[in-house]
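The values are calculated or read from the model by the stated rules, or taken from the named source; none is laboratory data. This structure is a prediction, so every number in the text was calculated from the model and none was measured. Reconstructed Cβ throughout: ideal geometry from the backbone, glycine too, with neighbour counts over all protein chains shown.
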Amino acid sequence: MNIQMVDLKGQYTKIQQEMDAAVLQVVRSGRYINGPEVGMFAEALQNYTGAKHVIPCGNGTDALQIALMALGLKSGDEVIVPAFTYVASVEAIGLLGLTPVMVDVDPDSFNLTAKNIENGISAKTKAIVAVHLFGQSCDMAPIMALAKRHHLYVVEDNAQSLGACYAIPPTPLYGESKEQKQTGTIGHIGCTSFFPTKNLGGYGDGGAMMTNDDDLAQKLKMIANHGQRQKYHHEVLGCNSRLDTLQAAVLNVKLKYLKDYTVARQKAAKIYTQGLTGLNRLDTPKEVSFSTHVYHQYTIKVQDGKRDALKQYLAEQGIPTMIYYPLPLQEQPCFKYIARSGASLTVAKALSQSVLSLPMHTELTADEQEYIVNKIRTYFEGMSPLATQ
Ligand SMILES: Cc1ncc(COP(=O)(O)O)c(C=O)c1O
């Protein structure tokens, strides 16, 4: 058995003909920068997510940086971020001379909560980066209400949760709405990544920003294109961040399958959860009531300091696993002198010591999952292996 953490090649094989034709079309066209596929992809993603504007860019990290630039924040302004996320969510804040304020996350969903954000708000706070980690939405209605009260911008880091739906509860802000909104379309700007292993992954780097605000859309577009609306007229300091035509062609093909890919991930997650529920010292991922889960990662929590030993044991059985993330961001040396902590970050610390992500991708087979589940069950003392058929 050759179990992989992700299987991009296997996924490609299933759509090989269609993909080869799409890629070859770009190669033959000679339009490698800003070819028609880029605009087609932006429109397709607009339709998919319901966002009014989609602005493709070079990668998810650029998307976050350009989003913060478009908000016109000034040096010293504070931006609230979760202490438990990928470094990119915080990097851009520091690079722009803004102050990241790290706050703790919810131990079950791994995500920011309005209450934790409130702990980090000061007179200097100007924005929140709400990261939808591992495939589930943050509870956005209370976050948007809090942001409105404090006049804060909300940037959604949706790199890991494209396709997840947030169920808007009846609140004063949204009225009696029973509407579902896709993650990335709820805050002022949503950012996403098309890194190959993401739920919608290209065959190289890629990213996008989305917004429902016409003015912000113009700014995002301009900043991503050297600060120009008209060629060689640079109104603001910008950067060069483009989605390659080739990547857009790849993504145009894969976007058609995103719903199927999500279903495959959800099915795999269900098999894991059924097989692993009830084990002492192991928590399966909690699905929150207000969001669908698109399972970018299937992340278990292993208690009593047994995580690293389980990881080692599984590696010996040919099962790859990953620790997302082994250090909470408050302990990363790069943030030591620039970040402020909103309050105690004990949950982020505890998660960094207990989380373990199991193989999760669209090509996982039932046999592979049965093997993984059996090995995990046998690892924990007093647990008998699942009967194999
Ligand atoms: C939560 C989060 N934010 C941002 C990024 C950055 O995306 P990219 O790698 O495309 O720059 C990633 C990707 O790994 C991510 O997981």
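What to note about this one:
- The residue of the stretch 73-91 that is surrounded by the fewest Cβ atoms within 10 Å (Cβ to Cβ), among those that are more than 12 Å from the ligand (Cβ to nearest atom) and assigned to a strand (DSSP E or B), is E78.
- In summary, helices (runs of 4 or more DSSP H) completely within the stretch 1-72 and bearing 2 or more residues that are in contact (Cβ under 8 Å) with a residue 40 or more places away in the chain and farther than 30 Å from P359 by Cα occur at 16-29, 36-49, 60-70.
- Across the stretch 240-251, the number of residues qualifying as of a type outside the set (D, E) and outside any helix (DSSP H, G or I) comes to 4.
- A single entry from G278, G201 fulfils the requirement of being more than 16 Å from the ligand (Cβ to nearest atom) and part of a loop (DSSP other than H, G, I, E, B): G278.
- Of the numbered criteria (1) within 13 Å of the ligand (Cβ to nearest atom); (2) over 22 Å from R242 (Cα atoms), the one Q182 fails is (1).
- Taken as a whole, the stretch 205-221 holds at least one residue that is among the polar types (S, T, N, Q) and either surrounded by 18 or more Cβ atoms within 10 Å (Cβ to Cβ) or within 16 Å of the ligand (Cβ to nearest atom) (or both).
- Long-range neighbours under 6 Å by Cβ, at least six apart or interchain, first residue under 11 Å from Q297 (Cα atoms) within the stretch 338-363, second among the aliphatic types (A, V, I, L, M) and surrounded by fewer than 19 Cβ atoms within 10 Å (Cβ to Cβ): S357/M322; P359/M5
- Residue ID - farthest from A21 (Cα to Cα), chosen from residues in the stretch 204-239 that are part of a strand (DSSP E or B) and touching a residue at least 24 places away in the same chain (Cβ under 8 Å): T211
- Selection of the stretch 187-196 for residues being under 16 Å from C138 (Cα atoms) and either modelled with pLDDT under 95 or surrounded by fewer than 24 Cβ atoms within 10 Å (Cβ to Cβ) (or both) yields only H188.
- Residues that are assigned to a helix (DSSP H, G or I) and surrounded by fewer than 19 Cβ atoms within 10 Å (Cβ to Cβ), drawn from the stretch 92-113: G94, L95
- Number of the condition not met by G190 [criteria: (1) more than 25 Å from T113 (Cα to Cα); (2) touching a residue at least 40 places away in the same chain (Cβ under 8 Å); (3) in contact with an Asp or Glu (Cβ under 7 Å, 6 or more places away or on another chain)]: (1)
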